[in-house]
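Bear in mind these aren't lab numbers, they're just calculated from the coordinates by the rules spelled out. Worth saying up front: this structure is predicted, and the values here are computed from it rather than measured. Cβ atoms come from the backbone with ideal geometry, glycine included; neighbour counts cover every protein chain shown.
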Amino acid sequence: MSEFLGQMKRTNYCTEVSEEQIGQEIVVMGWTAKTRNLGSLIFIDLRDRTGILQIKFDENLVDKETFAKAESVRNEDVLAVRGVLRAREGAAKNPRMKTGMVEVVAKELKILADADIPPFVVENNPNASEALRLKYRYLELRTPALQEKIMLRSKVCSIIRNFFADNGFLEIETPFLGRSTPEGARDYLVPSRVHPGEFYALPQSPQLYKQLLMVSGFDKYYQIARCFRDEDLRANRQPEFTQIDMEMSFVDDEEDVMNVAERLIRKVFKETIGVEFEQNIRRMTYKEAMTRFGSDKPDTRFGLEIQDISDLVKDCGFGVFTGAIAAGGSVRLVNAKGFSRQPNPILSRKEIDALGEFVKTYKAKGLATITVKEEGVQSSVAKFLSEDTLNAILKRANAEVGDTLMIVADKNETVFASLGALRLKLAEKAHLIDENKYDILWITEFPQFEYSEEEGRLVAVHHPFTMPKVEDLPLIDTDPLAVRAKAYDLVINGQEAGGGSIRIHSKEVQNKMFETLGFTDEKIQKMFGWFVTALNYGTPPHGGLAFGLDRLIMLLSKTDNIKDVIAFPKVQNASDLMTEAPSEVEDKQLRDLSIGITAKN
RNA sequence: GGCCUGGUAGUUCAGCUGGUUAGAACGCUAGCCUGUCACGCUAGAGGUCGUGGGUUCGAUCCCCAUCCAGGUCGCCA
């Protein structure tokens with residue numbers, strides 16, 4: 001039965017007890033983490049969000065009724081305890097606990113709420129599947145490991161707000177209920193009751209609104225903004241997520257925005273986990289990142305760089321290689337240095353063969369390997385190559401005994417995707433990544449356009465309002481794929497932590513962009529006429545950036561799972577296992593919205 | 001939408017290419033215990049083997065379908 005607090009007031013958090021309080025009476029409240037009943041002596045570990053404090057009930061020091069009540073306490077019961085803080089003596093000390101030198105000798109106990117037996121024991125790394133933990137998320141959130149991450153997130157938000165306020169940025173909210181934009185990710189739609197058959201869309205990002213705020217003259221804006229994308233989930237992707245969104249006016253040099261972003265990130269890392277980044281975070285062009293690491297978000301904490309051998313094999317006579325090159329692609333390799341060193345190779349033959357299947361998931365047709373052994377090379381492709389060619393490849397790759405060269409020949413996109421993924425896989429297998437290291441860099445000079453096979457036209461890599469490099473403007477007509485954008489991504493440990501761009505403020509350039517993307521005036525009007533109209537009324541040069549808050553917290557707390565940093569996350573099929581959302585709704589609600597359900601898949 | 005992995009006590013798992021009573025640990029219940037902190041000791045309860053169908057004398061085990069969960073490719077301007 002639940003008891004009421006009455007006159008009891010909490011005096012201390014469980015772990016926030018000081019030496020000076022020893023001998024004094026205190027009142028603590030929290031959840032029962034563990035009970036240990038020794039007969040006429042009962043220990044209860046009491047937990048709140050600061051940690052655990054041991055409570056002692058001694059049969060000789062407390063009245064019978066209270067002792068009996070203490071005997072009835074079960075895990076996760078909510079308790080209020082009044083007692084005297086005592087120093088522990090001798091062997092009773094527990095140096096493994098933050099509060100292991102003290103304990104509370106209880107005088108009074110109230111069981112504020114008794115708890116049902118939890119479906120899993122509430123402790124760090126609960127022995128339960130993720131599905132079960134998410135169904136009872138409120139219990140998992142009681143674990144110190146998760147509480148730490150959620151509290152870290154709160155701290156980061158507070159640092160961000162202070163930083164922006166100190167730097168003259170205004171926090172301005174933008175709508176959740178907006179207009180659907182058919183480009184980009186799928187929208188979450190919200191039906192309108194007042195306008196039957198019409199829908200709002202939840203924002204994929206506040207992008208257009210924040211640009212309008214620049215048109216309005218707010219000059220420096222930020223927002224910690226929730227964004228929604230109706231796409232499939234990943235270990236680091238949720239359907240709703242949070243961006244640290246900022247935009248500033250009267251800048252047209254990328255460095256001006258990057259500088260602000262850098263100062264913010266430096267402050268966040270320093271004030272939360274004490275990590276200080278070098279004064280000048282290095283820049284790497286998109287082209288260099290792709291060529292060396294096969295990714296626009298390279299993990300540069302380890303080597304295994306990609307090398308181009310197209311020039312060495314272009315006339316080698318081996319059709320797989322020459323064909324790929326003739327079709328405009330390339331032949332590149334990663335030297336898995338020492339992976340086949342005998343007698344204890346990092347990867348067995350079988351494991352190396354399995355990597356062939358691995359690269360196929362990235363559309364590569366296969367993986368050619370050359371292993372250098374004492375007695376010579378072992379290779380599936382050596383017989384197609386002349387000795388000179390083979391030697392040239394080994395030399396290019398700086399191959400030594402014990403190395404395995406892993407080669408992909410295909411169109412560049414596929415070569416980079418597969419080898420980029422392969423080097424991450426190899427690093428993981430060989431434990432090449434120092435988990436305590438933070439590696440941060442900017443990727444710059446992204447291409448403005450890319451060719452979409454699906455649409456059969458050029459599309460914007462970033463979005464159609466991204467400003468191209470001024471010196472590349474003449475290329476728009478002659479070689480659009482060579483046009484570089486004033487766009488930049490901040491990459492930390494191979495994760496895209498944030499990205500942004502300078503936006504187009506010139507009508508002429510904007511029209512040129514639309515023209516190049518093949519947008520007719522009609523289409524422009526229909527898709528974002530309201531936005532283009534606004535740009536015509538006096539738009540200052542502006543640019544901005546958005547960080548992924550969830551991914552930042554993941555980096556700070558060293559987790560690979562985005563669910564660890566969100567209080568109530570969703571699972572792979574975008575449902576919430578706790579509330580069982582989404583759910584069917586009552587017919588009346590559907591009628592109000594003029595919605596009829598025609599079919600279910 | 002494709003591919004891969006998993007689903008057996010409250011929980012995490014084991015279960016021999018098919019056989020008589022489906023096990024372990026933790027948790028839970030009861031009893032004993034004054035220095036535990038993964039307390040200890042004794043006893044006990046607890047199972048539609050995800051669901052539906054098939055093969056078989058017989059299915060937790062093999063096959064098919066389906067549902068659920070995880071990872072991943074596509075997708076994420």
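Observations
- Helices of chain A meeting both criteria, an alpha-carbon length of 24 angstrom or more along the long axis and an average Kyte-Doolittle score not below -1.0, with helices taken as full DSSP H segments, are A:144-166, A:254-273, A:412-429.
- If the chain linking A:Asp77 and A:Lys155 were pulled fully straight, counting 0.36 nm for each residue of separation and taking away their Cα-Cα distance, it would gain 25.2 nm.
- The lysines whose alpha-carbon is closer than 24 Å to the alpha-carbon of A:Lys93, local same-chain residues fewer than 8 away aside, are A:Lys34, A:Lys56, A:Lys107.
- Separation of the A:His431 and A:Ala482 label points, Cα + 7 Å toward Cβ, nm: 4.9 nm
- Pairwise FRET efficiency - A:Glu20 versus A:Lys270, Cβ, R0 = 35 Å, nearest 0.05: 0.65
- Rounded, prolate or oblate (a/c below 1.5 giving rounded, otherwise prolate when a/b exceeds b/c) for chain A by Cα gyration tensor: oblate
- Taking a ≥ b ≥ c as the square roots of the eigenvalues of the Cα gyration tensor, the range A:1-122 is rounded, since a/c falls below 1.5.
- Mean-position separation - Cα centroids, the range A:56-106 and the range A:242-266, in angstrom: 52 Å
- Approximating the spin labels as points 7 Å out from Cα along Cα→Cβ, the A:Glu387-to-A:Arg591 distance works out to 8.9 nm.
- Segments A:351-364, A:76-89 sorted - mean Cβ within 10 Å per residue, highest first: A:76-89, A:351-364
- Using only side-chain charges placed at the Cβ, +1 for Lys and Arg and -1 for Asp and Glu, the dipole size of chain A relative to its Cα centre rounds to 1060 debye.
- Packing-based order for A:581-591, A:293-303, using average beta carbon neighbours within 10 Å, highest first: A:293-303, A:581-591
- Between A:Glu148 and A:Asn162, the contour length at 0.36 nm per residue exceeds the Cα-Cα span by 2.9 nm.
- Inter-part distance, the range A:436-453 to the range A:297-343, computed on C-alpha centroids, equals 21 Å.
- Over 24 Å between alpha carbons, listed pairs A:Lys350/A:Lys383; A:Lys363/A:Lys512; A:Lys365/A:Lys570: A:Lys363/A:Lys512; A:Lys365/A:Lys570
- Those residues of the range A:347-381 whose amide nitrogen sits under 12 Å from the label point placed on A:Arg341, 7 Å along Cα→Cβ: A:347
- Relative contact order computed over chain A (Cα-Cα under 8 Å; 6+ residues apart), in percent: 13 percent
- Given +1 at the Cβ of Lys and Arg, -1 at the Cβ of Asp and Glu and no other charges, the dipole of the range A:476-601 around its Cα centre is 260 debye to the nearest 20.
- Dipole magnitude for the range A:278-430: about 360 debye, using +1 per Lys or Arg Cβ and -1 per Asp or Glu Cβ, origin at the Cα centre.
- Per-peptide average of other Cβ atoms within 10 Å, ordering A:504-513, A:540-549 highest first: A:540-549, A:504-513
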